[in-house]
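The values are calculated or read from the model by the stated rules, or taken from the named source; none is laboratory data. Since the structure is predicted, the reported quantities are computational estimates derived from the model, not experimental observations. In this analysis, Cβ positions are derived from the backbone assuming ideal geometry, glycine residues included, and neighbour counts consider all displayed protein chains.
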Amino acid sequence: PLRPSTSTAYPILMGSQAEENMELNGGWLEGLLKRQTFEESPTHVIEFKVADGVGKWENYLSKIKRITAKVALGSGRTRTISLIVKDQHETQYLKNMSKNNGYFFREIMMYRDVIPKMDDLLDEIGDDEGPLWAKCLGFRLYDQLVFEDLSASGHVVADRKELMDLKTSIFVVRNIARFHALSKVLLQRGEIPLDVFSESVWCKGDGLSIAIHKYTANLVKAMGTWGHEWKEAKERLEASPLDVIDKFKKAMKPEPTGFSVLTHGDCWTNNFLIRFSKESNEPQAMRFVDLQICSVSPFSYDLHYFLVTSVKPEVQQENEELLVACYCESLKSNLLKFGYEGPIPTIAELQKTMADTAIFRLVASLIITPIVTGVHDNLPDLEEIIAEQAEAMARGEPSPETWNVHDYKNEITKTLVQNSIKFA
C-alpha cells in the first residue's frame, strides 16, 4: 500500500536521476488515480427503488422517474445514489407527438454531439464556473436518458405558479447568455450539426397551426370579458390567426445579418434547477434541463419565452430593460472569454431584435404561458385531453372544451398574457 512520506526534506535531483524520478512519479500518480477511481466506483447494485420524479402538471413531454439505489463500491463501502430517468411517453398520442417532433432524438444529439464540445471549450479556456447542464450518464436510442439527480447537490426549481423574483431572474438571464455564447463559438467553428438543429420543432408539421387556431379562439373569448379597452386588440387577433403563424415562422428563421445562437427553446421555470446559498439565499449555480427542442434561432426567442413564463409580472413590467441589459453584459463578457471572433451586438441592437421578434412572446402567451403557469386542478391526464381532441377532429367535429387553457384560475397567468398582448 502507498503511504505518505514522513520526510519533510526533498533532495535536489540532477540529470538522469531527476528524469527517472519524474517517470516514477508519473507511474505512481497513474496508479493512485486508477485505484481511487476503482474504490469510488459502484461495482454492483444492492437494492433500489423507483418513484415519480415530478408531480402531475410539472412536466409535459416525457415521463420522469427518480431511482434511489444502494450500491457497493470498489473499496467495499456502500453508498446511496440518486438518478433521474427520463422516458418517452408510452401512451398513443403523447408518444406519437414525441416521435413526430423528435424530442428524444434532439436531446440525445445534444448530449452526444454538442454538450461534449461545450465541455471541451470550458476546459480549453480554464473555466471555473462549471457546466450549465445536468450530467448525462447514458441514453437509449431514441427513447430514454439517464441523468444525475441535481436535487442531491441542493438544486431546486422555483414555484411555477408564483414565478421568479428580480434577483433570480437576473441570475437566469446571465446564464442564458452564457449558454448562447458557448453555442455561438461552436457555430463559428462548425461544431453544431445543422442538419439536426437548423429547424425549430415549432416549424415542423401543422401542429402549431392547429394550436394557434384553438388557443386564439379561447383567448378571444376571454378578452371579451376584460373591458372595452381590449376591444381593438380582440378584433385584430380574432381576424388574423394565420397572420400570427406566418409571422412566427418567419421570425424563427435566422437572418444572415442577425445574431442567431443555439437556443434552449423551452426556457420556463421548471427547466432551471438553481442552487442557492444556505447563508445568504443568493443564487450560486444553475443547470438547464430538458434540452429537447433546442434549435438555431434568434437569441430573443429564449428571452421572450423566459419573460412570459418564468418572471413575476411586476418584475417583468418594471425591470425588462434591466434584464435585457444584464443579458447583453453577460453575452459580451462570455463571448470574449470563449474566444469568439465575430461582431458582438450592442444593447441597442439587442433591444431592436427583441422588438422585431415580439411575435415570439405573443405565441408563447397563447400556447405556453397558460399551461406552465396555470392551475389545473381536477383535469384529466394530458393523454386523455389530446385523445378527445384528436378523435373529435377525426369525426369532423369541433374540438371539445375539456381544457380551456385561457380559463384563468391563476391571476398571474392572466396578467402575463395581457402584458404580452400589449407588448406584441
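Results, tabulated for the structure shown:
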{"item": "Leu61, sole failed condition from (1) hydrophobic (A, V, I, L, M, F, W, C); (2) at pLDDT below 95; (3) part of a strand (DSSP E or B)", "result": "(3)"}
{"item": "Residue, farthest from Ile274 (Cα to Cα), within segment 128-185, restricted to residues that are out of contact with any helix residue (DSSP H, G or I) (no Cβ under 9 Å at 6 or more places or on another chain), surrounded by fewer than 16 Cβ atoms within 10 Å (Cβ to Cβ) and of a type in the set (A, V, I, L, M)", "result": "Leu137"}
{"item": "Residues satisfying the stated conditions in segment 85-125, i.e. in a helix (DSSP H, G or I), acidic (Asp, Glu) and either in contact with a strand residue (DSSP E or B) (Cβ under 6 Å, 6 or more places away or on another chain) or over 29 Å from Ile385 (Cβ atoms) (or both)", "result": "Asp113, Asp119, Asp120, Asp123, Glu124"}
{"item": "Residue selected from segment 199-228 under the condition of a type in the set (A, V, I, L, M) and either assigned to a loop (DSSP other than H, G, I, E, B) or touching a Phe, Trp or Tyr at 6+ places or on another chain (Cβ under 6 Å) (or both), by the criterion nearest to Glu411 (Cα to Cα)", "result": "Met223"}
{"item": "Selected residue (criterion: surrounded by the most Cβ atoms within 10 Å (Cβ to Cβ)) from residues of segment 366-379 that are assigned to a loop (DSSP other than H, G, I, E, B) and under 21 Å from the mean Cα position of the chain (by Cα)", "result": "Gly374"}
{"item": "Residues of segment 343-365 classified as aliphatic (A, V, I, L, M) and either touching a Pro at 6+ places or on another chain (Cβ under 9 Å) or outside any helix (DSSP H, G or I) (or both), total", "result": "2"}
{"item": "Pairs with Cβ under 8 Å, 6+ apart, first in segment 34-47 and surrounded by 10 or more Cβ atoms within 10 Å (Cβ to Cβ), second part of a strand (DSSP E or B) and of a type in the set (S, T, N, Q)", "result": "Ile46/Thr78"}
{"item": "Hits in segment 392-422 - residues which are under 17 Å from His213 (Cα atoms), of a type in the set (D, E, K, R) and free of Cβ contacts under 8 Å to residues at least 60 places away in the same chain", "result": "Glu397, Glu401"}
{"item": "Positions within segment 135-188 being over 19 Å from Thr369 (Cβ atoms), at pLDDT below 95 and hydrophobic (A, V, I, L, M, F, W, C), in sequence order", "result": "Leu141, Ala152"}
{"item": "Condition met for Val244 (part of a helix (DSSP H, G or I) and without any contact (Cβ under 8 Å) to a residue 40 or more places away in the chain)", "result": "no"}
{"item": "Segment 391-420: number of residues that are at pLDDT below 85, touching a helix residue (DSSP H, G or I) at 6+ places or on another chain (Cβ under 6 Å) and not β-branched (Val, Ile, Thr)", "result": "6"}
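Conditions tested, residue by residue: (1) at pLDDT below 95; (2) farther than 16 Å from Leu303 by Cβ.
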site	(1), (2)
Leu242	yes, yes
Lys247	yes, yes
Lys250	yes, yes
Pro256	yes, yes
Val261	no, no
Gly265	no, no
Asn270	no, yes
Lys278	yes, yes
